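*Asks:* The structure's right below; bear with me while I get my questions together.
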Amino acid sequence: MSEEWLIKGAAILGGAPSDIHLKDGVISRIGQDLDAPEATVLDAAGLIALPGLVDLHTHLREPGREDAETVETGTRAAALGGYTAVHAMANTEPVADTAGVVEQVWRLGEQAGYVDVRPVGAVTVGLLGKQLAELGAMADSAARVRVFSDDGFCVADALLMRRALEYVKALDGVIAQHAQEPRLTEGAQLNEGEVASRLGLAGWPAAAEEAIIARDCLLAAHVDAALHICHVSTAGSVEIIRWAKSKGWRVTAEVTPHHLLLTDDLAEDYDPRFKVNPPLRTHGDVAALREALQDGTIDCVATDHAPHPVEAKETEWAAAANGMTGLETALRVVQKAMVDTGLLDWAGVAMRMSARPAAIGRVSGHGHPLSEGAPANLTLYDAAAGETPVDPRTHASKSRNSPFAGMPLPGRVHATFLRGTATVLDGKVTR
Ligand SMILES: [Zn+2]
């Protein structure tokens with residue numbers, strides 16, 4: 001049964017207030033002083049309307065690690081963060097390297113109903129980097145996989161990477177690479193630099209990321225295939241991607257909210273909440289990433305939402321798991337890092353958190369401008385809500401490993417609509 005809504009006075013992309021009428025799953029009308037006698041009215045004065053956010057990089061952990069997250073809890077967290085579609089990474093147990101597993105994840109998403117779940121297929125069998133997985137079967141499955149990634153691991157073998165790029169070209173797909181040269185990062189614990197030396201932790205050189213990005217840009221150009229770079233974290237990576245794009249190569253890139261805001265000196269107290277792969281880098285890297293997101297060198301923001309149970313994170317630094325939750329804080333972090341700093345306006349945010357990721361992930365029905373006839377996927381955001389400290393205990397995610405815990409962040413997601421049905425109202429899930 002479809003809902004009917006009349007949203008009164010929302011500032012579309014931060015512009016002048018308009019009424020938005022949602023009916024039969026689409027935006028039926030946009031205008032001033034609209035009337036809709038059957039509709040439920042939502043007073044949106046002071047709220048910004050954005051197209052529903054799309055995440056290219058979410059770890060939902062199901063099947064296999066339901067102690068950390070399930071499709072249900074992870075997609076609820078996504079809706080609370082303003083998302084209407086997420087890509088579920090393949091490093092589950094079993095790995096999503098067959099049509100059977102990707103269809104299972106896709107169905108769990110449909111059942112939960114909070115956001116559209118687009119499973120990512122593994123590039124190699126078991127993420128082991130030895131043998132290509134059945135990319136065609138996953139593409140042809142009900143899950144219609146278009147993004148393939150061994151994320152968590154790098155496809156380190158250059159010949160295998162070339163073959164994967166050739167293969168997805170025929171499927172209109174993309175390889176999303178976790179760029180990490182494995183030999184250069186053996187035992188690495190933190191960004192290689194001053195802080196790691198002071199703490200006596202094994203360093204993770206920027207060159208280990210940059211070398212793979214450079215190699216893969218060359219390979220993508222050579223076979224004219226689409227390459228997407230996951231979680232870019234260094235200034236040097238930005239320069240390489242800028243160069244590849246200047247050549248007209250089919251290369252796209254993402255940055256995480258945490259790499260736009262946090263730096264490696266947060267590790268000073270050995271608090272494993274700040275342990276992540278790729279690691280937090282320097283202030284110079286953060287500045288370069290922000291500039292690259294502003295000028296389009298980096299196409300989009302992707303959360304790399306990586307939930308972990310308490311025992312995996314609340315342990316000594318060296319033993320702790322890499323990763324941070326992010327779905328419920330992403331838009332607030334982007335406001336702080338990019339909007340409140342004057343680097344992006346709300347149209348720029350919509351481009352980088354909805355339109356571009358939808359295009360890169362080949363997600364139909366998402367990422368459209370808010371216009372009459374478009375699918376009613378949108379979020380209402382209160383950018384003027386003022387800064388409040390993040391409290392992970394209030395999060396819908398099953399895990400609590402937010403690096404922003406206790407940190408004041410601006411803004412609040414007020415409501416989210418998936419095809420005209422409210423998934424979030426007044427900052428709470430509707431069911
Ligand atoms: Zn990764």
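The values are calculated or read from the model by the stated rules, or taken from the named source; none is laboratory data. Bear in mind that the values here come from a model prediction, so they are computed numbers and not experimental data. Don't worry about glycine lacking a Cβ; one is built from the backbone with ideal geometry, like all the others, and counts go over all protein chains shown. To get the accessible areas, we keep the full protein, side chains included, count just its heavy atoms, and leave off ligands, DNA and RNA. Shrake-Rupley method; radii C 1.70, N 1.55, O 1.52, S 1.80 Å.
*Asks:* For segment 6-13, does any single residue satisfy the condition of being outside any strand (DSSP E or B) and surrounded by fewer than 17 Cβ atoms within 10 Å (Cβ to Cβ)?
*Replies:* Checked segment 6-13: no residue is outside any strand (DSSP E or B) and surrounded by fewer than 17 Cβ atoms within 10 Å (Cβ to Cβ).
*Asks:* State whether one or more residues within segment 43-62 are modelled with pLDDT of 95 or more, among the basic types (Lys, Arg) and over 18 Å from the mean Cα position of the chain (by Cα).
*Replies:* Step one: filter segment 43-62 for residues modelled with pLDDT of 95 or more, giving 43-62.
Keeping just the survivors that are among the basic types (Lys, Arg) gives 61.
Next cut, over 18 Å from the mean Cα position of the chain (by Cα) only: none.
No.
*Asks:* Which one of these is within 21 Å of the chain's Cα centre (by Cα) and not polar (S, T, N, Q): 166, 186, 209?
*Replies:* It is 209.
*Asks:* Output the qualifying pairs, or none if there are none: Cβ atoms under 6 angstrom, residues six or more apart or on different chains, first residue in segment 167-189 and within 20 Å of residue 319 (Cα to Cα), second residue open to solvent by 10 Å² or more (accessible area, probe 1.4 Å) and away from the ligand (no atom under 16 Å from the Cβ).
*Replies:* Within 6 Å, the pairs are 184/205; 187/202; 188/202; 189/201; 189/202.
*Asks:* With the condition kept exactly as written, say whether any residue in segment 65-79 is within 16 Å of the ligand (Cβ to nearest atom) and either basic (Lys, Arg) or open to solvent by 10 Å² or more (accessible area, probe 1.4 Å) (or both).
*Replies:* Scanning segment 65-79, I find at least one residue that is within 16 Å of the ligand (Cβ to nearest atom) and either basic (Lys, Arg) or open to solvent by 10 Å² or more (accessible area, probe 1.4 Å) (or both), so the answer is yes.
*Asks:* What number of residues within segment 275-290 are under 9 Å from residue 262 (Cα atoms) and more than 16 Å from the ligand (Cβ to nearest atom)?
*Replies:* Initial filter on segment 275-290 (under 9 Å from residue 262 (Cα atoms)): 280-283, 286.
From what's left, more than 16 Å from the ligand (Cβ to nearest atom): 282-283, 286.
Result for segment 275-290: 3.
*Asks:* If you don't mind, another one. Test of understanding: among 422, 396, 330, which residue is open to solvent by less than 30 Å² (accessible area, probe 1.4 Å), touching a Pro at 6+ places or on another chain (Cβ under 6 Å), small (Gly, Ala, Ser) and within 15 Å of residue 83 (Cβ to Cβ)? Explain how you work it out, then say what you get.
*Replies:* Working: 422 fails: touching a Pro at 6+ places or on another chain (Cβ under 6 Å); 396 fails: touching a Pro at 6+ places or on another chain (Cβ under 6 Å).
That would be 330, the only listed residue that is open to solvent by less than 30 Å² (accessible area, probe 1.4 Å), touching a Pro at 6+ places or on another chain (Cβ under 6 Å), small (Gly, Ala, Ser) and within 15 Å of residue 83 (Cβ to Cβ).
*Asks:* In addition: Does at least one position in segment 217-224 carry a residue that is within 16 Å of the ligand (Cβ to nearest atom), farther than 28 Å from residue 405 by Cα and not β-branched (Val, Ile, Thr)?
*Replies:* no
*Asks:* May I ask you to list the residues in segment 165-183 that are more than 16 Å from the ligand (Cβ to nearest atom) and among the hydrophobic types (A, V, I, L, M, F, W, C)?
*Replies:* 165, 168, 170, 171
*Asks:* Can you tell me which residue within segment 110-145, out of those that are more than 16 Å from the ligand (Cβ to nearest atom) and of a type in the set (Ser, Thr, Tyr), is surrounded by the fewest Cβ atoms within 10 Å (Cβ to Cβ)?
*Replies:* Ranking the candidates gives 141 first.
*Asks:* Another question about this same structure. Working carefully through the options 153, 148, find the one that is surrounded by fewer than 22 Cβ atoms within 10 Å (Cβ to Cβ), within 23 Å of residue 326 (Cα to Cα) and within 16 Å of the ligand (Cβ to nearest atom).
*Replies:* Residue meeting the stated conditions: 153.
*Asks:* While we're on this one: Does residue 173 satisfy being buried (at least 21 other Cβ atoms within 10 Å of the Cβ) and under 21 Å from the mean Cα position of the chain (by Cα)?
*Replies:* Answer is yes for this residue.
*Asks:* I've got another one for you. Would you confirm whether or not segment 111-119 contains a residue that is within 21 Å of the chain's Cα centre (by Cα) and more than 28 Å from residue 426 (Cα to Cα)? Before you say what the answer is, go through the steps one by one.
*Replies:* Start the filter on segment 111-119 by keeping residues that are within 21 Å of the chain's Cα centre (by Cα), which leaves 112-119.
From what's left, more than 28 Å from residue 426 (Cα to Cα): 119.
Looking through segment 111-119, at least one residue is within 21 Å of the chain's Cα centre (by Cα) and more than 28 Å from residue 426 (Cα to Cα).
*Asks:* Given the criteria open to solvent by 30 Å² or more (accessible area, probe 1.4 Å), without any contact (Cβ under 8 Å) to a residue 12 or more places away in the chain and of a type in the set (Ser, Thr, Tyr), does residue 364 qualify?
*Replies:* Criteria met by residue 364.
*Asks:* Quickly run through segment 300-317 and pick out the residues that are touching an Asp or Glu at 6+ places or on another chain (Cβ under 7 Å) and part of a loop (DSSP other than H, G, I, E, B).
*Replies:* Matches in segment 300-317: 302, 303, 307, 309.
*Asks:* To continue, here is another question. Report every pair of residues separated by at least 6 positions or lying on different chains whose Cβ atoms are under 7 Å apart, first residue within segment 278-302 and farther than 18 Å from residue 265 by Cα, second at pLDDT 95 or above and among the small types (Gly, Ala, Ser).
*Replies:* 290/337; 298/253; 298/292; 299/253; 301/330
Quick grid of which residues meet (1) in contact with an Asp or Glu (Cβ under 9 Å, 6 or more places away or on another chain); (2) acidic (Asp, Glu); (3) part of a helix (DSSP H, G or I):
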{"site": "358", "(1), (2), (3)": "no, no, yes"}
{"site": "364", "(1), (2), (3)": "no, no, no"}
{"site": "368", "(1), (2), (3)": "no, no, no"}
{"site": "381", "(1), (2), (3)": "no, no, no"}
{"site": "389", "(1), (2), (3)": "no, no, no"}
{"site": "396", "(1), (2), (3)": "yes, no, no"}
